[in-house]
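First comes the structure, then the notes that go with it.
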Amino acid sequence: GGTLSMIRTAETFKRAYRTAGVSINRRRATAVSYGPEFTDNYEAFYKYAGKDFQLGTNFFYINWKDQQVLAQLSSDFYDTQVQNAASSALYGTELEGRYHIATGHDLNAGIGYVTTRFKDFKTKYGDYNGHQFPFASHTTGRLSYQYKSPSNFNLLSIVQYVGPSYTNAENTRRADAQFYLNFNAQYAIHQIWLIEAYLNNALNGQYRIYDGTPTSTTSPYQASYHQTGTP
């Protein structure tokens, strides 16, 4: 009557590549080419698997060369184009756990933290060194409960959290923190048919995910461009 458990640790290294391309500057009506980007990805992880409890955590560091970044060339909202950042990096950690409460009942939780920054990225229009990546929240979280019945019925409820972030490389505009409650139900018929129903954002949270308030009081382009999440 003993318990069975397994512990595993590992370290990995991967090198990734993204091709070059062309971006369109809508204000200047020009096509601007940008070069390829490369990443060196380092990761170490630890996993524990017990009878009713599993735990996993990892630590990662990504060294980015020539990252393709959408840069703002002036206070004009449309004066943007993709340019290569010579050097940038991100690092962080993730923690995930799963607990088997009883037959058919499981609880899952996860949290992540990441830090991003441009290390060497200067253009004739601005200095981005030390800035955070756009849309890179420091903290994210997830908590879910899943029920699986013997009659092929599954119910999943998920609570998600996304922390605030900057929405541009200039770090002058921000997105609000977001909190969501989602539900998903499935019923399988003879392992052939699957009936599924879902409800996203059950609390009807409405968040500003893009703050487009003008960043210059002297600019002739004073319109505000705001974007909200789907209710």
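The values are calculated or read from the model by the stated rules, or taken from the named source; none is laboratory data. Predicted model, so just to flag it, every value in this text is computed and none were measured. All Cβ positions, glycine included, derive from the backbone under ideal geometry; neighbour counts span all protein chains shown. Just the protein is used for accessible areas: all its heavy atoms, side chains included, with ligands, DNA and RNA removed. Shrake-Rupley method; radii C 1.70, N 1.55, O 1.52, S 1.80 Å.
Structural remarks
- From the list Tyr46, Tyr42, the one residue that fits, being of a type outside the set (A, V, I, L, M), free of Cβ contacts under 8 Å to residues at least 40 places away in the same chain, touching a Phe, Trp or Tyr at 6+ places or on another chain (Cβ under 8 Å) and in a strand (DSSP E or B), is Tyr42.
- Residue identified as modelled with pLDDT of 95 or more, over 27 Å from Asn41 (Cβ atoms) and of a type in the set (Phe, Trp, Tyr) among Phe179, Phe183, Phe118, Phe153: Phe183
- So Asn200, is it among the polar types (S, T, N, Q), without any contact (Cβ under 8 Å) to a residue 60 or more places away in the chain and exposed (fewer than 14 other Cβ atoms within 10 Å of the Cβ): yes
- The condition (being touching a residue at least 60 places away in the same chain (Cβ under 8 Å) and of a type in the set (A, V, I, L, M, F, W, C)) is satisfied by just one residue among Ala169, Ala175, Ala109, Ala188: Ala169.
- For Gln191, the conditions (1) over 28 Å from Leu90 (Cβ atoms); (2) open to solvent by 40 Å² or more (accessible area, probe 1.4 Å); (3) modelled with pLDDT of 90 or more are fulfilled apart from (3).
- Asn168 touching a strand residue (DSSP E or B) at 6+ places or on another chain (Cβ under 9 Å) and open to solvent by 50 Å² or more (accessible area, probe 1.4 Å): no
- Taken over region 107-130, the residue count meeting the criterion of being open to solvent by 50 Å² or more (accessible area, probe 1.4 Å) and either touching a helix residue (DSSP H, G or I) at 6+ places or on another chain (Cβ under 8 Å) or not in a strand (DSSP E or B) (or both) is 4.
- Some residue of region 203-226 being surrounded by fewer than 15 Cβ atoms within 10 Å (Cβ to Cβ), in contact with a strand residue (DSSP E or B) (Cβ under 9 Å, 6 or more places away or on another chain), among the aromatic types (Phe, Trp, Tyr) and modelled with pLDDT under 90: yes
- So Thr140, is it of a type in the set (S, T, N, Q), under 16 Å from the mean Cα position of the chain (by Cα), surrounded by fewer than 15 Cβ atoms within 10 Å (Cβ to Cβ) and within 30 Å of Ile7 (Cα to Cα): no
- Where Thr30 falls short, out of the listed (1) exposed (fewer than 15 other Cβ atoms within 10 Å of the Cβ); (2) among the polar types (S, T, N, Q); (3) modelled with pLDDT of 95 or more: (3)
- Extreme residue, farthest from Leu143 (Cα to Cα), among residues of region 64-99 that are open to solvent by 60 Å² or more (accessible area, probe 1.4 Å), outside any loop (DSSP other than H, G, I, E, B) and not charged (D, E, K, R): Leu70
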